[in-house]
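Visitor: Got a structure here, written out as structure tokens. Questions coming.
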Amino acid sequence: MSLLEIDNVTLRFGGVVAVNKVSFSVEEGEVFALVGPNGAGKSTLFNLISRIYDPVEGDIRFDGESLLKHPPHDIAKLGIARTFQNIELFEQATVLQNLLVGRHRHRKSNFLTELLFTPGVREGERRHRAAVEKVIDFLELQAYRDKYIAGLPYGVRKVVEMGRALAIEPRLLLLDEPASGLSVEETQDVAFWIEDIKKQMGVTVLMVEHDMHLVSAVSDRVLALADGKVLSLGTAQEVQSDPKVIEAYIGGSDAQEREVA
Amino acid sequence: MRTVFKTSYDADINYFRHGAQAAWYMLLLVLALCLPFLMGTFWIGEMTNMLIWAIAGMGLMILVGQTGQASLGHAAFLAIGCYANVLLQEKLGVPFLLSFPLAGVIAGLAGALIAMPMTKLHGIYLAIGTLAISILTDDLIVIAEPLTNGVVGLFAPTIDIFGLQFDRYATPDRFYWLVLFVAVVIILVYRNILRSPLGRAFAAVRDSEVSAQAMGVNVARTKALSFGISTAITGLAGALMGHFAGIFNNETFNIIISIQLLLMIVIGGLGSIHGAFFGAIVVALLPQAIAISRDLVSGFVGGGTVAIPGLESAIFGALLIGFILFEPMGIYGRWLKIRTYFELFPFYRKDMFRRQKSYLKTERMR
């Protein structure tokens, strides 16, 4: 059984079909990349998985169980973590606090015990902080631990957001353009981290990415989308050399016409 | 500047960052406890008033400063707390020791109930919605005359705890200590919220609802909880306000009080306990400051004291505009800067507190 199954999913915004009968499945332990031109429906698929949108038809199953009967805040509890294309961090909080919000899924206390801060709450806090420190070490965020997000540079924010998703201790990690706006060195760091997330933590990764170098470096399988439809599925090389994908990116018929003229 | 060498997670969890900080706050507490021996009856009354405003401010701060939800209706919950407390004592004969926390619970439940439909609104719409609550409560008090005695109002009985009398006029010192005790308890509860998952869930909802949701935070429930806790604390402040005023009616908790509360925490500094207290100092002591300065001015210039109607509101408004323009972090923000200046002297730089100009999501209209 696949970890994540997208089964014939369609989503319309008025007359625009954002996702059109898309089906694919992500296997446990792989890095699966979604590529495609702008407006292909990649981020929309992410938002469908995190239940921000309801699909018009089709089903999304995680570990064999339909996600559609779960409210959006249950998705993290099931073990799916995500990052956002336009970083959505908690700006007026420190890096440490941001990562600790990721631990919300593992909260065992309720608000009454927290108002009194019973010993159990303190014990939980210690456990959460120990777990978050591991993420901080992994992503080398020590220097920024107590800094406010509002004052951090873009590249660091990107890493913090990935750390926040890792603090959830997910089974499936959704990365929405993890390398967009990063320098070459930073992108290489991201590539190493994704490898480690897969191999050391055993987390399955589904990512949207435009940087084909990163995609071919880390992903086991690649799915190309255009206009909400599946174009091609295979390894990075297979997808990149697929004529349909080339056409979608470069605009095949136009290019041919130009050659004729 | 002190760098704390942290050797355990508790260093981040504890109330105080280091011993010296704890010592300073203990000194402040001792000073507050000794105040009745240093001040006359009138000024103790003013300090009591200030503390009650600070409690109400902390209540609103949890909602506005921590959770990012605007409310212009908190006078309603002051009223609910005040009426609940007095009615429980007068009609049902419940002792103050029970009626006071119950008043908080009732105000909290009312707040959480109202929050459920209300928190679907965002920003300015939420503010308008809560404004309606304030107006409605005013009317409801008048309509429910058999219970509330309408516009004539009610008398608050003298507080009696195991035979010990707490009265604003007969035993002002004792009343002050009672209010101080409540304030300290609320501060501790507030700190507990901030250092627990609940406080982080509030901050998450404030800064980005969509990613709070993706982290597993139930946004609707968190907002309702924030409203409930906020209005419960405000209700406690209302109960104390009733005992402080002695007599109250629907006008005591009108819409102006709601607005004044919100302005108070903005001037004090959003998102901090200090902000609630700084704001309360301004609100509670401003009338006295104006009176004193008026006497001074007339002393210099000569002539009789001229009462200018609306002067208090005008100065309050000017203060607010000044702070929003020049110090959006409020008095607490300014205090932090001054403290850092002396801690780092002579290495303070002007741009140390300059925040990166980023688009604040909390201010976005949704």
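Visitor: Which one of these is among the hydrophobic types (A, V, I, L, M, F, W, C), more than 14 Å from chain A (Cβ to nearest Cβ), surrounded by fewer than 24 Cβ atoms within 10 Å (Cβ to Cβ) and touching a helix residue (DSSP H, G or I) at 6+ places or on another chain (Cβ under 8 Å): B:LEU285, B:LEU270?
Guide: None of the others qualify; the one that does is B:LEU285.
Visitor: Another question, if that's okay. Which of (1) more than 25 Å from A:PHE111 (Cα to Cα); (2) in contact (Cβ under 8 Å) with a residue 60 or more places away in the chain; (3) not aromatic (Phe, Trp, Tyr) does B:LEU140 not meet, given it meets every other one?
Guide: Looking at each condition in turn, B:LEU140 falls short on (2).
Visitor: Residues B:LEU178, B:LEU236, B:LEU194: which one is within 19 Å of the chain's Cα centre (by Cα), among the hydrophobic types (A, V, I, L, M, F, W, C) and surrounded by 24 or more Cβ atoms within 10 Å (Cβ to Cβ)?
Guide: B:LEU236
Visitor: Looking only at segment A:133-152, count every residue that is in contact with an Asp or Glu (Cβ under 8 Å, 6 or more places away or on another chain) and of a type in the set (Ser, Thr, Tyr) and tell me the total.
Guide: Selection size over segment A:133-152: 1.
Visitor: With respect to B:THR252, determine if the residue is of a type in the set (Ser, Thr, Tyr) and more than 16 Å from the chain's Cα centre (by Cα).
Guide: yes
Visitor: Among the candidates B:ALA203, B:ALA183, single out the residue that is within 30 Å of A:ARG105 (Cα to Cα), surrounded by 21 or more Cβ atoms within 10 Å (Cβ to Cβ) and not polar (S, T, N, Q).
Guide: Of B:ALA203, B:ALA183, the one residue that is within 30 Å of A:ARG105 (Cα to Cα), surrounded by 21 or more Cβ atoms within 10 Å (Cβ to Cβ) and not polar (S, T, N, Q) is B:ALA203.
Visitor: Among the listed residues A:ALA179, A:ALA224, which satisfies the condition of being small (Gly, Ala, Ser) and either without any contact (Cβ under 8 Å) to a residue 60 or more places away in the chain or assigned to a helix (DSSP H, G or I) (or both)?
Guide: The conditions single out A:ALA179.
Visitor: Looking at segment B:139-155, can you tell me whether even one residue there is within 22 Å of the chain's Cα centre (by Cα) and crowded, with 16+ Cβ neighbours inside 10 Å?
Guide: Within segment B:139-155, none of the residues are within 22 Å of the chain's Cα centre (by Cα) and crowded, with 16+ Cβ neighbours inside 10 Å.
Visitor: Collect the residues in segment B:218-233 that are farther than 9 Å from B:ALA112 by Cα and of a type in the set (Phe, Trp, Tyr), keeping them in residue-number order.
Guide: none
Visitor: Here is a further query. Touching a helix residue (DSSP H, G or I) at 6+ places or on another chain (Cβ under 8 Å) and more than 14 Å from chain A (Cβ to nearest Cβ), is that true of B:LEU225?
Guide: In short, no.
Visitor: Being under 30 Å from B:PHE42 (Cα atoms) and within 9 Å of chain A (Cβ to nearest Cβ): is that true of B:LEU180 here?
Guide: no
Visitor: For the list (1) crowded, with 20+ Cβ neighbours inside 10 Å; (2) touching a residue at least 60 places away in the same chain (Cβ under 8 Å); (3) over 30 Å from B:ILE186 (Cβ atoms); (4) more than 12 Å from chain B (Cβ to nearest Cβ), I need the number of the one condition that A:ASP63 fails.
Guide: Against the list (1) crowded, with 20+ Cβ neighbours inside 10 Å; (2) touching a residue at least 60 places away in the same chain (Cβ under 8 Å); (3) over 30 Å from B:ILE186 (Cβ atoms); (4) more than 12 Å from chain B (Cβ to nearest Cβ), A:ASP63 comes up short only on (1).
Visitor: If you don't mind, there's one more thing I want to ask. More than 14 Å from chain A (Cβ to nearest Cβ), touching a Leu at 6+ places or on another chain (Cβ under 9 Å), closer than 28 Å to A:GLU91 by Cβ and assigned to a helix (DSSP H, G or I) - does that describe any residue in segment B:130-146?
Guide: Looking for residues that are more than 14 Å from chain A (Cβ to nearest Cβ), touching a Leu at 6+ places or on another chain (Cβ under 9 Å), closer than 28 Å to A:GLU91 by Cβ and assigned to a helix (DSSP H, G or I), one finds at least one in segment B:130-146, hence yes.
Visitor: Looking at A:VAL184, A:VAL215, A:VAL230, A:VAL205, which one is free of Cβ contacts under 8 Å to residues at least 40 places away in the same chain and not small (Gly, Ala, Ser)?
Guide: After ruling out the rest, the residue left standing is A:VAL184.
Here is a yes/no grid of residues against (1) more than 12 Å from chain B (Cβ to nearest Cβ); (2) without any contact (Cβ under 8 Å) to a residue 60 or more places away in the chain; (3) in contact with a helix residue (DSSP H, G or I) (Cβ under 8 Å, 6 or more places away or on another chain):
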{"site": "A:ASN98", "(1), (2), (3)": "no, no, yes"}
{"site": "A:ARG105", "(1), (2), (3)": "no, no, yes"}
{"site": "A:LEU115", "(1), (2), (3)": "no, yes, yes"}
{"site": "A:ARG126", "(1), (2), (3)": "no, yes, yes"}
{"site": "A:VAL132", "(1), (2), (3)": "no, yes, yes"}
{"site": "A:ALA143", "(1), (2), (3)": "yes, yes, no"}
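Visitor: Counting just the residues of segment A:72-96 that are under 14 Å from A:GLY163 (Cβ atoms) and hydrophobic (A, V, I, L, M, F, W, C), which one comes out farthest from the other protein chains (Cβ to nearest Cβ)?
Guide: Top of the filtered list is A:VAL95.
Read-outs: derived from the displayed coordinates by stated rules, not from any lab. On a predicted model such as this, the values are computed, not experimentally measured, just so you know. Every residue, glycine as well, gets a Cβ built from its backbone with ideal geometry; the counts of neighbours run over all protein chains shown.
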